[in-house]
Amino acid sequence: MSQARALSMPQIVFYGALGLPLAFAALPIYVHVPKLYADDLGLSLTVVGAILLGARVVDAVTDPLFGWLGDHVASRLRWIVLALPLLAVGMFGLLSPPGDAGPLWLLCLLVLACAGYSMASVNYHAWGAEMAGGPGERTRVMASREGFGLVGVVMAAALPGFLADDIAPGLQRLAWGFIPLLGIAALITLWGAPQAGASAPARERPWVALRRALARPAFVRLLILFGLGGIAASIPASTVLFFVEDVIGRPDASGPLLAVYFVAGAAGLPVWVKLSDRLGKVGAWMVAMIVAIVAFVWAAMLGPGDLMAFGVICALSGLALGADLALPPAILADQLGERGGAGEGAGAGSSFGWWNLVAKASLALAAGLALPLLDLFGYTPGRDGEAGRLALALVYAALPVLLKLFALGLTWHWRHQLGAKS
């Protein structure tokens, strides 16, 4: 249930702090891990993509279940405290593998890290939806969380290159730094944010409650749009290091370019909050989709040396990213807060369990689609070849634009059915 009194700005900021290490953990899995395990450990892109996809099969069960458990078994804070050590151990093993690590190591550590991430993030997201009291406040709570998240992503993107000249030792040092970062942010959030409500006694079996969350058309439509947007954003995330090295020809610039992208996303958050006040959250989200399409469509035409042009594309598409991160969960929070909304008859945890599943499935589907496609079209990382570079440019840029166009059309068609306050 929502807080009776308006949240203070410090409370909103303290809540957002945990978003930093959670986002910090997510980026290496989908940006650095494919390159680390393919280049340094010798696994094929098809194997890496299949493992990323396979790990999400486990999430198909765990994410919604963790949401139901947070609604009905113990408090959200207890689940978060239990989850964080699992995340820390999983991330450390994933980013600091032994020299003979193979597919089984990658799969097991991915499952462990993702279980900890799921348990923490589902309950963390539901906590934020429950604490905010109105549409404007919900947008600000989500923007705080995603703003901290973007800072975490920038750190995760830039630090490996700063800490070492090569990706493997850089990620190993990153793994050591992640553990204290996670602990400090958790203490800030758990101490300073409004306490999460107690769990409600379970009155129905988990699958009944989870199915009830999917019984609302507005929620299902929002999940579809969120998933399409997630795949469109995740294909470039899974292939950007290959694109910068083999198309732009500047592997040394990958860290700064990622930083430009995510800093632009953080800088754009206040713009989207203001625009959502004027156009509504759905209207502002559609504007962001148009900005992303217009900015990114040129990426497929770039070639060696086009560093400045790619930097501009990163900045503009990063600006749109802020809306993709903050507005969809704010729309969901509005639905949960409305009488007859997506959360009626289902706790926030159940809804955000499905939400978290779709978010991670989008990332996995992007990797499971993009990496095997590159293999199929003859692209080999680090090797010259015009056909391979062309395939990389098309997969990296053209495929996401098509998905964004489809999502924009559906959003326009469903704009009146996504929530009365959105």
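The values are calculated or read from the model by the stated rules, or taken from the named source; none is laboratory data. Because the structure is predicted, anything quoted here is derived from the model rather than measured. Don't worry about glycine lacking a Cβ; one is built from the backbone with ideal geometry, like all the others, and counts go over all protein chains shown. Keep in mind that these areas ignore ligands, DNA and RNA; they rest on the heavy atoms of the full protein, side chains included. Shrake-Rupley method; radii C 1.70, N 1.55, O 1.52, S 1.80 Å.
Table for the structure above
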quantity: The stretch 226-362: relative contact order in percent, alpha carbon pairs under 8 Å with at least 6 residues between; calculated: 34
quantity: Cβ-based net charge around Asn123, under 14 Å, with every Lys or Arg adding one and every Asp or Glu removing one; calculated: 0
quantity: Arg250-Asp166 pseudo-label distance in nm [points 7 Å out on the Cα-to-Cβ vector]; calculated: 2.5
quantity: Which labelled figure in (1) 86, 67, 49; (2) 61, 50, 48; (3) 60, 43, 37 is Cα extents along the principal axes in Å, once derived from the coordinates; calculated: (3)
quantity: Close Lys-Lys pairs in the chain, where close means Cα under 21 Å and separation is 8 or more or interchain; calculated: 5
quantity: Added length on full extension, which subtracts the Cα-Cα distance from 0.36 nm per residue, Val73 to Arg211; calculated: 47.9 nm
quantity: Cα centroid separation, the stretch 127-154 to the stretch 53-105 (Å); calculated: 22
quantity: In sequence order, calculated HN-Hα J values of the stretch 398-409 (Karplus, 6.51, -1.76, 1.60; Hz; x Gly/Pro); calculated: 5, 4, x, 5, 4, 5, 5, 4, 5, 5, 4, x
quantity: ³J(HN,Hα) computed for each position of the stretch 67-73 - Karplus, 6.51 cos²θ - 1.76 cosθ + 1.60, integer Hz, glycine/proline x; calculated: x, 5, 4, x, 6, 10, 10
quantity: Accessible surface of Phe226 - all protein chains present, 1.4 Å probe, nearest 10 Å²; calculated: 40
quantity: Value of relative contact order over the chain, rounded to a whole percent, pairs C-alpha under 8 Å and six or more apart; calculated: 28
quantity: Candidate residues Thr139, Thr380: accessible-area rank, largest first, probe 1.4 Å; calculated: Thr380, Thr139
quantity: In Hz, Karplus ³J(HN,Hα) per residue of the stretch 79-84 (6.51, -1.76, 1.60; θ = phi - 60°; x = Gly, Pro); calculated: 5, 5, 4, 5, 6, 4
quantity: Over the chain: helical MRE at 222 nm, DSSP H runs n ≥ 4 each giving -39500 (n - 2.57), nearest 500; calculated: -25500 deg cm²/dmol
quantity: Burial order of peptide ranges 27-36, 147-156 (average beta-carbon count within 10 Å, highest first); calculated: 147-156, 27-36
